[in-house]
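To start, the structure itself, in structure tokens.
The values are calculated or read from the model by the stated rules, or taken from the named source; none is laboratory data. A quick note: this is a predicted structure, and the numbers were derived from the prediction, not measured. Note: ideal-geometry Cβ built from the backbone for every residue, glycine included; neighbour counts use all protein chains shown. Areas reflect the complete protein model, heavy atoms only, side chains present, ligands, DNA and RNA absent. Shrake-Rupley method; radii C 1.70, N 1.55, O 1.52, S 1.80 Å.
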There are 2 protein chains.
Amino acid sequence: MARYKAVVEYDGTDYAGFQRQIPEAGPTVQGELESALAAINGGVAVTAHGAGRTDTGVHAAGQVIAFDLQWAHGTDALTRALNANLPRTIAVKSAAECAAGFHPRFSAKGRRYRYAILNAPARSPLRERFAWRVWPLLDARAMAEASQYLMGRKDFGAFGSSPEPGGHTVREVREARWDADDDNAMLNFHIEADAFLRRMVRSIVGTLKWVGAGEIAPDAFGDIVASADRSRAAAPAPPNGLCLVEVLY
Amino acid sequence: MARYKAVVEYDGTDYAGFQRQIPEAGPTVQGELESALAAINGGVAVTAHGAGRTDTGVHAAGQVIAFDLQWAHGTDALTRALNANLPRTIAVKSAAECAAGFHPRFSAKGRRYRYAILNAPARSPLRERFAWRVWPLLDARAMAEASQYLMGRKDFGAFGSSPEPGGHTVREVREARWDADDDNAMLNFHIEADAFLRRMVRSIVGTLKWVGAGEIAPDAFGDIVASADRSRAAAPAPPNGLCLVEVLY
């Protein structure tokens with residue numbers, strides 16, 4: 001029996017989030033991964049621990065999981081065997097043996113997320129699966145300026161609550177920047193922190209969209225950050241624009 | 001009653017192609033568009049003529065349709081009303097009144113398609129919805145060189161049959177080029193012609209993949225083009241990588 005670490009990519013559109021739930025909530029990414037693990041383990045259940053509990057409809061390019069398994073055929077064969085038992089919306093990118101004490105969530109030193117806004121007047125079925133469509137035109141420069149108020153170690157209570165009951169809301173944001181592609185119609189927000197509060201990225205993006213739409217100025221966004229008051233920030237932006245890009249160890 | 005021209009984008013993954021079929025074949029893009037048209041026309045059926053009969057699983061960013069409708073509220077309201085009656089995988093991008101003699105297929109002067117290859121070792125649920133994943137590494141330069149044999153007016157019988165029974169297989173290819181993005185993992189083939197044979201782009205890409213994989217040389221690809229012999233080309237590449245980008249008038 002050894003512990004394995006695997007990187008997982010998924011299209012979250014049709015899943016009730018990462019974390020296993022009561023069956024009525026719908027299929028989950030963890031549930032599908034554990035089914036694939038059981039299938040290659042002679043039907044015996046295997047628990048897959050994840051680094052981040054992504055919400056319903058949120059995607060991942062680099063979720064990390066760990067599990068204990070008796071496996072004698074090497075990690076390439078392990079990756080292939082898992083992929084052969086997963087739906088096409090979930091894939092194991094790579095797998096490696098890791099230390100028995102490794103836990104994808106508690107061992108993580110940081111996480112990187114991307115949030116995509118499609119700033120376009122017309123619906124786009126080819127792009128809205130992975131982006132939040134917003135119109136009219138957003139002021140991308142004002143959003144970039146406001147994002148700088150996120151940098152550093154501070155109380156982000158304005159944007160969410162701790163995943164632990166009673167946990168504190170101090171986090172360290174190490175990167176918060178925007179870039180654009182596709183003739184500036186796609187605005188991508190890149191954010192890295194040691195850890196995130198529940199719905200933190202989506203609440204930040206919802207509030208930055210106020211800045212982009214000219215409803216508040218960049219320094220008013222800074223005031224909202226500083227207030228740590230959940231009632232002052234916007235509702236979370238929709239889940240389809242969000243992607244867990246990487247977990248750092 | 002006036003004739004309208006509309007540009008339509010769709011994610012073809014879950015459709016049995018553009019063209020209306022027997023119900024057992026599954027939902028079609030034309031069927032969904034005609035349902036939306038009937039819904040805004042008091043339940044009275046409206047025929048939507050399309051520019052290109054995209055196959056099962058093929059996408060479109062710029063399909064063009066035409067239909068006759070009594071509509072008194074302007075084209076912006078028409079676009080909104082249709083979108084309100086369409087599934088999220090199909091969208092009307094714009095609509096305009098056009099001449100009564102306009103037919104999206106017979107009036108078209110050209111079509112542009114894009115075919116996306118994801119040249120990567122690992123499965124990618126976030127990208128394979130819109131790309132054909134191929135591994136090992138392809139020789140992109142050899143594929144670009146081979147593509148030049150497609151240019152010009154010639155018999156493309158090696159890559160498909162006419163959509164008309166007994167129709168000829170001469171077409172004029174005006175553009176055939178590759179570009180790369182996403183660290184060269186995404187290889188995009190751009191092709192424009194006056195018109196296309198059935199499955200022509202996918203058969204060309206399947207055969208160019210032979211070149212990229214080193215199975216045949218670029219000049220051997222030229223020989224296959226010149227032969228106009230369907231038995232010498234590859235099977236069509238999968239539909240999910242193909243997108244009808246634009247119809248030219």
Sort out which residues of region A:89-119 are more than 20 Å from A:H190 (Cβ to Cβ), out of contact with any Pro (no Cβ under 9 Å at 6 or more places or on another chain) and part of a loop (DSSP other than H, G, I, E, B), and write them in order of number. A:A99, A:A100, A:G101, A:F102, A:H103, A:P104, A:R105, A:F106, A:S107
May I ask you to verify whether A:E97 is open to solvent by 70 Å² or more (accessible area, probe 1.4 Å), farther than 30 Å from A:I224 by Cβ, in contact (Cβ under 8 Å) with a residue 24 or more places away in the chain and away from every other protein chain (no Cβ under 14 Å)? yes
Quickly run through region B:100-123 and pick out the residues that are among the small types (G, A, S) and surrounded by fewer than 19 Cβ atoms within 10 Å (Cβ to Cβ). B:A100, B:G101, B:S107, B:A108, B:G110, B:A122
Might you let me know whether region B:230-237 holds any residue that is without any contact (Cβ under 8 Å) to a residue 60 or more places away in the chain and not in a loop (DSSP other than H, G, I, E, B)? yes
Quick one: in region A:69-88, of everything that is closer than 17 Å to A:Q30 by Cα and open to solvent by 30 Å² or more (accessible area, probe 1.4 Å), which residue is nearest to the other protein chains (Cβ to nearest Cβ)? A:R88
Just the residues that are touching a Leu at 6+ places or on another chain (Cβ under 9 Å), among the hydrophobic types (A, V, I, L, M, F, W, C), over 17 Å from B:Y113 (Cα atoms) and part of a loop (DSSP other than H, G, I, E, B), please, taken from region B:45-74. B:A45, B:V46, B:A48, B:W71
Being more than 18 Å from A:E246 (Cα to Cα) and either among the charged types (D, E, K, R) or buried (at least 19 other Cβ atoms within 10 Å of the Cβ) (or both) narrows it down to one of A:E24, A:E9, so name that one. A:E24
Kindly indicate the residue of region A:19-43 that is touching a strand residue (DSSP E or B) at 6+ places or on another chain (Cβ under 9 Å) and more than 14 Å from every other protein chain (Cβ to nearest Cβ) and also farthest from A:D68 (Cα to Cα) among those meeting that condition. A:Q19
Check whether at least one residue in region B:129-139 is more than 14 Å from chain A (Cβ to nearest Cβ) and either open to solvent by less than 60 Å² (accessible area, probe 1.4 Å) or in contact with an Asp or Glu (Cβ under 7 Å, 6 or more places away or on another chain) (or both), and report yes or no. yes
Among residues belonging to region A:164-182 that are in a loop (DSSP other than H, G, I, E, B) and more than 17 Å from A:D229 (Cα to Cα), point out the one that is nearest to the chain's Cα centre (by Cα). A:E164
Residue count, region A:29-44 (criterion: open to solvent by 10 Å² or more (accessible area, probe 1.4 Å) and either in a loop (DSSP other than H, G, I, E, B) or touching a residue at least 12 places away in the same chain (Cβ under 8 Å) (or both)): 10
Subset of region B:29-73, residues more than 26 Å from B:K109 (Cβ to Cβ) and either polar (S, T, N, Q) or under 17 Å from the mean Cα position of the chain (by Cα) (or both), comes to B:S35, B:N41, B:T56, B:G57, B:Q70
Unmet requirement for A:G166, which otherwise passes all of (1) under 23 Å from A:R123 (Cβ atoms); (2) of a type in the set (G, A, S); (3) open to solvent by 60 Å² or more (accessible area, probe 1.4 Å): (1)
Name the one entry in A:S203, A:S231 that is more than 14 Å from chain B (Cβ to nearest Cβ) and closer than 27 Å to A:G50 by Cβ. A:S203
Residue among B:S147, B:S162 that alone is of a type in the set (S, T, Y), farther than 30 Å from B:D183 by Cα and away from every other protein chain (no Cβ under 14 Å): B:S162
For B:A66: the one exception among (1) open to solvent by less than 50 Å² (accessible area, probe 1.4 Å); (2) in contact with a helix residue (DSSP H, G or I) (Cβ under 9 Å, 6 or more places away or on another chain); (3) of a type in the set (G, A, S): (2)
Matching option when the condition is out of contact with any His (no Cβ under 9 Å at 6 or more places or on another chain), within 23 Å of B:G52 (Cβ to Cβ) and assigned to a helix (DSSP H, G or I), among B:A158, B:A144: B:A158
A:A228 is checked against (1) under 30 Å from A:H103 (Cβ atoms); (2) under 20 Å from the mean Cα position of the chain (by Cα) and fails just one. What number does that condition carry? (2)
Filtering region A:14-64 down to residues that are farther than 20 Å from A:A131 by Cβ and among the acidic types (D, E) yields A:E24, A:E32, A:E34
